[in-house]
Amino acid sequence: MLRLRNNIRIWMIGLSFIICHLSSVIVKAQVGTWRNYLAYSEVQQICAAGDDIFVRASNGLYQYNQNDQSIYTYDKTNGLSDTNIKLIAWNRQAKRLIAVYQNSNIDLIDTNNNITNISSLYTKTTTEDKTVSSIRIDGIYAYLICGFGIVKVNMQRAEITDTYTPNHPEYPTSLPEEDNSDYDKYISIVNTLKPDGPKYNYFGFMRFYNGKLYTCNGDFDHSTGIQILKDNQWEIFQNEGISAVTGVSYQGAYCFDIDPLNEKHIFTGSRNGLYEFNNGELFNFYNSDNSPIESFNGKSKNYQIVSAVKTDKKGNLWILNSQAPTTSLIKFNNGQFTKYNKKELMKLNDGGFTNKSNGNLSNIIIDSQGLMWFVNNNWVTPALYKYDIDNDQITAFETFRNQDGILFNIADGVRCVVEDLNNNIWIGTSAGPLMFERSEINNDGNSFTQIKVPRNDGTNYADYLLASIDITSIAIDGGNRKWMGTKNNGVYLIDADNMTQINHFTTENSKLLSNTVMSIAINPISGEVFFGTENGLCSYISDATETNTEMTSDNVWAYPNPVEPNYTGLITITGLSMNSDIKILSPNGTIINEGHSNGGTYVWDACDKNGKRVASGIYMVATATSKGEKGTVCKIAIIN
């Protein structure tokens, strides 16, 4: 008995040491969880519900309690069934809010944040128009005025009880009017509220830099600008009043780049020129009046399209001017502009002009060898470009043949370009992904690799990776895995072997906000992967982070730690080197789990090799580099 008590005492001392040590460590989100970062700035509807006020804003929803001044925001991570809310209405008798989405999905919500979904209208197969244009409340019922007729919803029982077409003998003809009177009553209160979130839901272009997520809308249409996220706080660059200074609308913040010497200094390319910001405020503006930047027709102040900007290691800002009559590539340094008109970029015949610069020259990167790459994301001459900055030489890839000599047909555009951790170049196209191997690039080759995925069905057949899938964006994580965003097909995660599909996230099987993903950016420290979708910004906490060259007691640690009895998620070990060897040992030294890291991260489900949850105790994590050199050891306390 004395020995048992001593063992317990020793275990508790060790546990206390771990808890004290971890008190200084920032708590990280659990691997596998989702977050939403939605805007609530544009107030659209207000519904009073006793002491609570429901607000539809920027097509999202939040709830304000007038007694304790609390704000509760709703999204897919905490119960909403969908995104893009079109209409809301409060039913006093049923004591529920009805929220109807753009796609005709329906949620019922009470003031205690309980949500009940009614999906039958959304899933109904019909050629008729299901779009809901108005909600009328009568007793416990909500009547939804649709394109094909009227849908009667029993909000107390949470079911659709009837549908009526105009020729139905009981078609309702004397429904109450739609009641929006709460808007005028409470708008003064709502205008004082500041729910957490960005100002806009447009994230077509993103970059993670120095602990911050930098974003802009990434298209030519929306009048929005730079939004920056750090530690769950948003910084919004100046947007109002810019047009009064420049004389043109601040429209289509398409891209940006950050000054490596001053991250407050940012250049933004847009539909109508180049904007220079300092500390979030407009500092300078450049168009045809004061630079070589040209309009699409050589005259108008509108559509002077700066579709890509990038700073090189010498501090030069490179600018791509799309659809310009004579200009394609521009360098800007110390207030001086230099034009580089490349015939390879001048192949757009449009509007009476011959050989204008191509329609959408975009997505500049500078790779590990100092070469500049960009694409033409346009159906006229879809292409990839390689530009040798030092020697002023450009190579255009307008036809794409794979390793088998088969022509890869790209109809709509080359969407994006990125370099992986093996220094290979990947492009996303409207017809799928291609890889340009570094050995091929260095040998001046022009053969692209279309990854073959074996069927493993007893034959020697294989299928090309994501063939015919429109790849809109690609990001590389710390484990050299490829996150591929698509048009209408969600997000694919492909392993470092380039063949194994680890995940395929869609709106149907995950909290992804939309199946169309325009941009992806990754926090290399936390592994949080951000998805800029057509319905706003969301993220997923992945199990791969950037690597450490050395594994020490200062940078290798596990979370959560201690693992409480009610915790059923994954335990994350972080701070590891690339492809490091991990062994988890029981208190008596038995190996109960082992594997290799994804970049700088390894996850454990707190189970042994037989899939059984381990007993309470302190477990050792032993690490070694991919070369077999022993690393540090950390401890994990399990409490059941």
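The values are calculated or read from the model by the stated rules, or taken from the named source; none is laboratory data. Since this is a predicted model, take the numbers as computed values, not measurements. Here the Cβ is made from the backbone with ideal geometry for all residues, glycine too, and neighbour counts use every protein chain on show. These area figures cover heavy atoms from the full protein model, side chains too; ligands, DNA and RNA do not enter into them. Shrake-Rupley method; radii C 1.70, N 1.55, O 1.52, S 1.80 Å.
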Conditions (1) over 18 Å from residue 310 (Cα atoms); (2) more than 20 Å from the chain's Cα centre (by Cα); number of the one not met by residue 269
(1)
Selection status of residue 633, of a type in the set (A, V, I, L, M, F, W, C) and within 28 Å of residue 76 (Cα to Cα):
no
Any chance the stretch 295-307 includes a residue that's open to solvent by less than 30 Å² (accessible area, probe 1.4 Å), assigned to a loop (DSSP other than H, G, I, E, B) and in contact (Cβ under 8 Å) with a residue 24 or more places away in the chain?
yes
Filter the strands (runs of 3 or more DSSP E) completely within the stretch 48-114 down to those with at least 3 residues that are under 19 Å from residue 145 (Cα atoms).
85-91, 96-101, 106-109
Residue identified as on the phi > 0 side of the Ramachandran plot, within 30 Å of the chain's Cα centre (by Cα), open to solvent by less than 20 Å² (accessible area, probe 1.4 Å) and not aliphatic (A, V, I, L, M) among 413, 428:
413
Matching residues in the stretch 331-385 (under 27 Å from residue 313 (Cα atoms) and part of a strand (DSSP E or B)) number 22
Among the candidates 347, 339, 343, 314, residue that is open to solvent by 40 Å² or more (accessible area, probe 1.4 Å), closer than 19 Å to residue 258 by Cα and more than 26 Å from the chain's Cα centre (by Cα)
314
Could you give me the residue pairs with C-beta distances under 7 Å whose first residue belongs to the stretch 181-204 and is of a type in the set (A, V, I, L, M), whose second residue is open to solvent by 30 Å² or more (accessible area, probe 1.4 Å) wherever it lies, and which are 6+ apart or on separate chains?
187/43; 190/43; 193/71
Go through (1) among the hydroxyl-bearing types (Ser, Thr, Tyr); (2) within 28 Å of the chain's Cα centre (by Cα); (3) open to solvent by 40 Å² or more (accessible area, probe 1.4 Å); (4) at pLDDT 95 or above for residue 275 and report which single condition fails.
(3)
Determine, yes or no, whether residue 507 is part of a loop (DSSP other than H, G, I, E, B) and touching an Asp or Glu at 6+ places or on another chain (Cβ under 9 Å).
yes
Keeping to the stretch 470-492, report how many residues are open to solvent by less than 30 Å² (accessible area, probe 1.4 Å) and more than 13 Å from the chain's Cα centre (by Cα).
8
Which of the residues spanning the stretch 567-588 are at pLDDT 90 or above and loosely packed, with under 14 Cβ neighbours inside 10 Å?
588
Flagged pairs (Cβ under 9 angstrom, 6 or more apart or on separate chains; first in the stretch 332-345, over 16 Å from residue 360 (Cα atoms); second acidic (Asp, Glu)) are 340/392
Scan the stretch 116-173 for residues that are assigned to a strand (DSSP E or B) and closer than 22 Å to residue 90 by Cβ and report the count.
25
